[in-house]
Amino acid sequence: MDIQNLIRDNIKALKPYSSARDEFKDFNESKVFLDANENPFENGVNRYPDPQQLKVKEKLSKIKNIKIDSIFLGNGSDEILDLIIRVFCEPNQDNIVTLPPTYGMYEVLANINAVKVIKVNLSDSFQPQVEQILKASNEDSKILFLCSPNNPTGNSFSENEVEKLLKSFRGIVVIDEAYIDFSKQESWLNKLNDFPNLIITQTLSKAYGMAGIRLGACYASEEIISILNRIKPPYNVNELTQLKAIERLSKPKEVSKEIQQILLQREWLISELDNISFINKIYPSDANFILVKVDDANKRYSQLLENGIVIRNRTNQPLCENCLRLTIGTKLENKKLINAFKSIK
């Protein structure tokens with residue numbers, strides 16, 4: 001597959017903006033920096049941040065075993081998803097393919113960029129329907145978004161089905177792995193070099209507990225990453241975010257311990273939810289949340305809210321009628337959730 005044929009012509013012809021720090025990268029303290037119109041008085045953040053976030057990428061490169069040139073960082077994964085759409089989708093002409101129920105921002109970002117959305121619902125077991133997806137897509141279908149583990153269902157997609165799509169879909173396949181650290185299934189990072197049309201997005205918001213710093217990561221071929229670097233804002237990841245990310249990525253044991261606690265609490269919560277009479281089904285989860293089907297989602301949502309418990313009501317999503325999504329909290333928070341469930345009738 002020739003990726004260049006998928007990139008918009010104006011993007012290929014674009015001359016990227018060159019910032020002061022792109023032109024001069026040597027941060028030797030002996031030099032006098034008068035090139036970027038910065039405030040000269042040192043306060044820790046008076047200088048522009050590294051536009052390529054190399055120290056963060058070096059950490060991720062070692063952790064993920066991925067070359068730095070195959071890593072792109074954004075102001076949250078949402079910025080990355082937006083840039084991907086801008087690179088490959090011509091406004092008012094091209095379309096993306098999504099698989100509801102799924103993460104709602106794919107459609108929102110497409111709408112912002114005047115890109116059509118083709119929706120092919122997951123199967124009743126929340127798996128991609130490969131034949132229907134390929135049949136529904138057309139020559140203007142530039143991106144297929146796969147969220148695995150999926151939000152809001154919590155399950156991972158079949159590796160065989162995903163591989164079929166990677167081989168057969170004629171455009172870019174984005175696998176959103178925001179919840180991969182909670183899954184038994186291996187990341188598709190291990191097969192990144194096998195598929196030139198594959199883009200993988202991850203985040204520090206979930207397993208790494210860094211939702212407040214807004215840092216998303218994207219892994220793809222050097223060819224795709226170079227195009228994303230061409231169109232990104234010059235300083236899209238701020239200095240404080242980079243510093244906090246480096247600090248957190250330097251504590252793998254702490255992160256691993258928290259993940260294990262969440263997984264243990266997930267299993268405990270599932271066992272306790274199984275005893276709640278009005279919960280009709282507990283869906284398998286590879287994420288840090290559980291989707292449950294109840295008798296009346298609107299009623300149960302309101303009752304939990306009255307008891308001080310805030311969850312997500314997903315009943316309006318396709319295939320999710322009367323479903324509630326429960327994030328795994330601390331041991332104390334999960335006990336409060338169960339006690340609230342037991343107290344309502």
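The values are calculated or read from the model by the stated rules, or taken from the named source; none is laboratory data. Just so we're clear, the structure is a prediction, and the values are computed from it rather than from any experiment. Note: ideal-geometry Cβ built from the backbone for every residue, glycine included; neighbour counts use all protein chains shown. Heavy atoms of the whole protein, side chains included, go into the accessibility calculation; ligands, DNA and RNA do not. Shrake-Rupley method; radii C 1.70, N 1.55, O 1.52, S 1.80 Å.
Structure above, values below:
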item: Output for the stretch 277-303, where each listed residue is closer than 17 Å to F126 by Cβ, of a type in the set (K, R) and surrounded by 16 or more Cβ atoms within 10 Å (Cβ to Cβ); result: K293
item: Inter-residue pairs, beta-carbon under 8 Å, first open to solvent by 10 Å² or more (accessible area, probe 1.4 Å) and in the stretch 145-160, second acidic (D, E), 6+ apart; result: N155/D286; S156/D286
item: Neighbours by Cβ (under 6 Å, 6+ apart or cross-chain): first from the stretch 276-296, over 15 Å from P101 (Cα atoms) and of a type in the set (F, W, Y); second assigned to a loop (DSSP other than H, G, I, E, B) and open to solvent by 60 Å² or more (accessible area, probe 1.4 Å); result: F278/D295
item: Residue in the stretch 27-85 that is modelled with the lowest pLDDT, counting only those that are under 28 Å from L109 (Cα atoms) and acidic (D, E); result: D50
item: The stretch 186-201 residues that are among the aromatic types (F, W, Y), paired with ones that are assigned to a helix (DSSP H, G or I) (beta carbon under 7 Å, 6 or more apart); result: F195/L166
item: Qualifying helices (runs of 4 or more DSSP H) (wholly inside the stretch 1-86; at least 3 residues being charged (D, E, K, R)); result: 20-23, 54-64
item: Qualifying residue in the stretch 7-26 (condition: at positive phi and either under 18 Å from the mean Cα position of the chain (by Cα) or without any contact (Cβ under 8 Å) to a residue 60 or more places away in the chain (or both)); result: no
item: Answer residue from the stretch 327-345, given it is in a loop (DSSP other than H, G, I, E, B) and loosely packed, with under 12 Cβ neighbours inside 10 Å and is modelled with the highest pLDDT among those; result: T330
item: Residue that is surrounded by the fewest Cβ atoms within 10 Å (Cβ to Cβ) [pool: residues in the stretch 54-68 that are in contact with a strand residue (DSSP E or B) (Cβ under 8 Å, 6 or more places away or on another chain) and farther than 22 Å from N238 by Cα]; result: K64
item: Residue within the stretch 251-263 that is free of Cβ contacts under 8 Å to residues at least 40 places away in the same chain, part of a loop (DSSP other than H, G, I, E, B) and exposed (fewer than 14 other Cβ atoms within 10 Å of the Cβ) present; result: yes
item: Any chance L324 is assigned to a helix (DSSP H, G or I), within 26 Å of G209 (Cα to Cα), modelled with pLDDT of 95 or more and open to solvent by less than 60 Å² (accessible area, probe 1.4 Å); result: no
item: Options R248, R266, R230: the member that is over 30 Å from A20 (Cα atoms) and either buried (at least 18 other Cβ atoms within 10 Å of the Cβ) or in contact (Cβ under 8 Å) with a residue 40 or more places away in the chain (or both); result: R266
item: Test: residue in the stretch 96-108 that is within 23 Å of I225 (Cβ to Cβ) and surrounded by fewer than 19 Cβ atoms within 10 Å (Cβ to Cβ); result: yes
